[in-house]
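*Asks:* One structure coming up, written as structure tokens, with questions to follow.
The values are calculated or read from the model by the stated rules, or taken from the named source; none is laboratory data. These numbers come from a predicted model, not from an experiment. Using ideal geometry, Cβ is built from the backbone for each residue, glycine included, and neighbour counts are taken over all protein chains shown.
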Amino acid sequence: LAEEARGEALVIQLDTPGGLMTSMGQITRAILNAKVPVVVYVAPRGARAASAGVFITYAAHIAAMAPATHMGAATPVTIGDRPSQGEEKREVDKAMKEKITSDAVANLQAMARRRGRNAEWAEKAVREAVSITEEEAVRLGVVELVAEDFGDLLRKLDGRAADTDLGSKVLRTARARVTDGAMDVTEQFLSLLSDPNIGFILMNLGILGIMVELYNPGAVLPGVVGGIALILGLASFAILQVNAAGLLLIAFAVLLFIADIKVPGHGVLTVGGVIAFIFGAVLLTERTAPVLAISIRLIVAMAALLAGFMFFAVGAGVRAQRAPARSGAIRLIGAIGVARSPLDPDGMVHVQGEMWSAVAVDGPIPDGQRVRVVGLDGLRVQVKPEPPTPA
């Protein structure tokens, strides 16, 4: 967008705990090959450029930070990194981590040399996960300047030179017109899906919707909404490259929930499902990387929600099993009706919107008399006269 508009520069305001190396690589390559100067500004106050944010900052033609910000801790973390079993497996994992770390160091140092920044600190940020404040970053040559706000940044950028693929360019930003390059609807949607907590909520709404549909077949809406939410949740986790064991445990939990709805087991299967669900949710994303981890509070809340619904559904099923069957004519016992013919003792009565063959048990009953059903005689109802309702 900045290149098409022939802008003076592109300013990226950065505040990130990190992200996937694949996404980071795409961003840094785009910055390194940009035809307009790219300025990365770590802001507002309290913001950070951690992990992948360090690489993005180093790729910029000019790097700046707001007061009370920090950057660092760029050690790469592999998704699905779990304690290894066996000495040989540990050695393989150690070698793989060293390989990934060395690659990250080389990448960051190459950008440091390209932009004239501190390559020694870059290595420490990756290997030792060190972090520094904005004042230290300027002193160590990691960033070029500290700016109080966006207006101050534009004033301090004015007159600085930036080397691009098209040659050196002196920035004229003091009176530059600022165009906000906000994300469009599609980008905002994809950004939302990339949040593991949002993906986890969507997946659980999907599971809950399907459970409601199974509990109350024919409701349709819960099943449709649940199916859409479940697909979006799985799409989110496909972006995040989740741990397969965690996903399998959650799938197993869902199977236990379905089994408890279809064949009520007094909640035993639900308890097992909740335990499997919690373990699966914890294993689902990388807990050593905060940006990729699902909130423990959210896991507990979703587990409690699913458990509450399941215990309600299972309890209703158990109560229904224990309740005496009431079908056909049995449900009419105690009901009030009207004789539609003289009963002496046989005749017809109208009860609960239906005509029934009836037999009078306490003598003849005239046509039109109110009657009460007191029992059954095969397919006939037994009735007695019902006293008129007091006025």
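*Asks:* Could you pull out the residue among Gly233, Gly227 that is buried (at least 18 other Cβ atoms within 10 Å of the Cβ) and in a helix (DSSP H, G or I)?
*Replies:* Only one candidate qualifies: Gly233.
*Asks:* Shifting gears a bit: If I go through region 118-141 residue by residue, how many of them are in contact with a strand residue (DSSP E or B) (Cβ under 7 Å, 6 or more places away or on another chain), crowded, with 19+ Cβ neighbours inside 10 Å and outside any strand (DSSP E or B)?
*Replies:* Number satisfying all stated conditions: 3.
*Asks:* Another one. Name every residue in region 337-391 that is in contact (Cβ under 8 Å) with a residue 12 or more places away in the chain, of a type in the set (A, V, I, L, M, F, W, C) and in a loop (DSSP other than H, G, I, E, B), in order of residue number.
*Replies:* Within region 337-391, Val361, Leu379 qualify.
*Asks:* Take the conditions modelled with pLDDT of 90 or more and part of a helix (DSSP H, G or I) and apply them to Ile258. Does it pass?
*Replies:* Taking the combined requirement at face value, the residue does not satisfy it.
*Asks:* For the list (1) assigned to a helix (DSSP H, G or I); (2) in contact with a Gly (Cβ under 8 Å, 6 or more places away or on another chain), I need the number of the one condition that Gly151 fails.
*Replies:* All conditions are met except number (2).
*Asks:* Go through (1) out of contact with any Ser or Thr (no Cβ under 8 Å at 6 or more places or on another chain); (2) more than 30 Å from Leu153 (Cβ to Cβ) and name the single condition Glu187 misses.
*Replies:* With (1) out of contact with any Ser or Thr (no Cβ under 8 Å at 6 or more places or on another chain); (2) more than 30 Å from Leu153 (Cβ to Cβ) applied to Glu187, the lone miss is (2).
*Asks:* Determine if region 22-34 includes at least one residue that is in a strand (DSSP E or B) and either under 25 Å from Pro196 (Cβ atoms) or among the charged types (D, E, K, R) (or both).
*Replies:* So far as region 22-34 goes, no, none of its residues is in a strand (DSSP E or B) and either under 25 Å from Pro196 (Cβ atoms) or among the charged types (D, E, K, R) (or both).
*Asks:* Within region 150-177, how many residues turn out to be touching a helix residue (DSSP H, G or I) at 6+ places or on another chain (Cβ under 8 Å) and without any contact (Cβ under 8 Å) to a residue 60 or more places away in the chain?
*Replies:* Number satisfying all stated conditions: 1.
*Asks:* Taking region 292-312 as the search range and keeping residues that are buried (at least 20 other Cβ atoms within 10 Å of the Cβ) and modelled with pLDDT under 90, which one is farthest from Val263 (Cα to Cα)?
*Replies:* Leu292
*Asks:* To continue, here is another question. Taking the condition surrounded by 21 or more Cβ atoms within 10 Å (Cβ to Cβ), part of a strand (DSSP E or B) and modelled with pLDDT of 95 or more, does Tyr58 pass?
*Replies:* no
*Asks:* Being assigned to a helix (DSSP H, G or I) and among the small types (Gly, Ala, Ser) is the filter here; which residues of region 198-224 pass it?
*Replies:* Within region 198-224, Gly199, Gly206, Gly209, Gly223 meet the criteria.
*Asks:* Next question, about the same structure. Given the residues Ala147, Ala125, which is the only one that is assigned by TED's automatic domain parsing to the domain that holds Val42, under 30 Å from Lys99 (Cα atoms) and under 37 Å from the mean Cα position of the chain (by Cα)?
*Replies:* Just one listed residue meets the conditions, Ala125.
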